[in-house]
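The values are calculated or read from the model by the stated rules, or taken from the named source; none is laboratory data. It should be emphasised that the depicted structure is a prediction, and the values quoted were computed from it without experimental measurement. Cβ placement follows ideal geometry from the backbone for every residue including glycine, while neighbour counts extend to all protein chains displayed.
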């Protein structure tokens with residue numbers, strides 16, 4: 001199963017130094033029954049993209065909580081055994097947890113397939129979205145529009161061997 005782990009650039013640097021994502025439990029996003037039901041598609045590629053998007057939104061939340069962090073969303077795509085990921089069926093259709101899975105233990109970075117990161121030209125919109133997140137959560141429509149604007153930026157694909165370049 002492919003899952004998507006949300007991080008920040010400093011979190012990615014730390015994972016690279018340790019050689020693993022974690023410690024556990026590690027929160028990730030994958031193609032869960034709840035995500036399948038919400039997205040209403042049988043196309044695995046589309047469903048995985050939806051899980052990647054959920055992880056990117058979680059990365060944005062991480063950025064909002066770390067004021068000095070470089071405002072680029074980071075998601076690591078990792079291949080794990082199906083039985084290593086568990087989801088909470090009671091939260092399956094909760095919009096805030098769609099596709100969310102928990103991995104009990106740290107995940108070796110050697111299981112990573114790719115890293116997805118915002119381009120430099122997205123930093124302004126990602127900064128604005130991170131700054132507006134609190135107001136958006138409180139129901140401010142203008143702030144919600146700003147947060148949704150982060151989704152206009154596609155994450156770029158990088159190989160695992162490029163992590164030192166991304167974090168350096």
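The criterion of being surrounded by fewer than 21 Cβ atoms within 10 Å (Cβ to Cβ), in a loop (DSSP other than H, G, I, E, B), out of contact with any helix residue (DSSP H, G or I) (no Cβ under 7 Å at 6 or more places or on another chain) and free of Cβ contacts under 8 Å to residues at least 12 places away in the same chain does not hold for residue 142.
Could you grab me the full set of residues in segment 15-47 that are assigned to a helix (DSSP H, G or I), within 23 Å of residue 150 (Cβ to Cβ) and at pLDDT 95 or above? If the condition is that a residue be assigned to a helix (DSSP H, G or I), within 23 Å of residue 150 (Cβ to Cβ) and at pLDDT 95 or above, then 15 is the only one that fits. Listed by first and then second residue, the pairs linking a residue in segment 97-111 that is at positive phi and at pLDDT 95 or above to a residue that is surrounded by 14 or more Cβ atoms within 10 Å (Cβ to Cβ) and assigned to a loop (DSSP other than H, G, I, E, B), with Cβ atoms under 8 Å apart and 6 or more places separating them unless they lie on different chains, form an empty list. Residue count for segment 97-131 satisfying the condition of being assigned to a loop (DSSP other than H, G, I, E, B) and over 16 Å from residue 12 (Cβ atoms): 4.
Looking across segment 17-46, the residues that are buried (at least 19 other Cβ atoms within 10 Å of the Cβ) and either closer than 21 Å to residue 107 by Cβ or out of contact with any helix residue (DSSP H, G or I) (no Cβ under 9 Å at 6 or more places or on another chain) (or both) come down to 20, 21, 26, 28, 29, 30, 31, 32, 35.
Considering the conditions (1) crowded, with 18+ Cβ neighbours inside 10 Å; (2) touching a residue at least 60 places away in the same chain (Cβ under 8 Å); (3) out of contact with any strand residue (DSSP E or B) (no Cβ under 7 Å at 6 or more places or on another chain); (4) within 27 Å of residue 16 (Cα to Cα), residue 147 is excluded by exactly one of them, (4).
Out of everything in segment 62-87 that is touching a strand residue (DSSP E or B) at 6+ places or on another chain (Cβ under 8 Å) and not in a strand (DSSP E or B), what residue ends up being farthest from residue 122 (Cα to Cα)? Working first, answer last.
Of the residues in segment 62-87, the ones touching a strand residue (DSSP E or B) at 6+ places or on another chain (Cβ under 8 Å) are 62, 72-80, 84-87.
Imposing the further condition that a residue be not in a strand (DSSP E or B) reduces the set to 62, 72-73, 80, 84, 87.
Values: 62: 16, 72: 7, 73: 9, 80: 30, 84: 33, 87: 31 Å.
Per the criteria, the residue is 84.
On the given criteria, is residue 56 out of contact with any helix residue (DSSP H, G or I) (no Cβ under 6 Å at 6 or more places or on another chain), part of a helix (DSSP H, G or I) and at pLDDT 95 or above? When the stated conditions are applied, residue 56 passes them.
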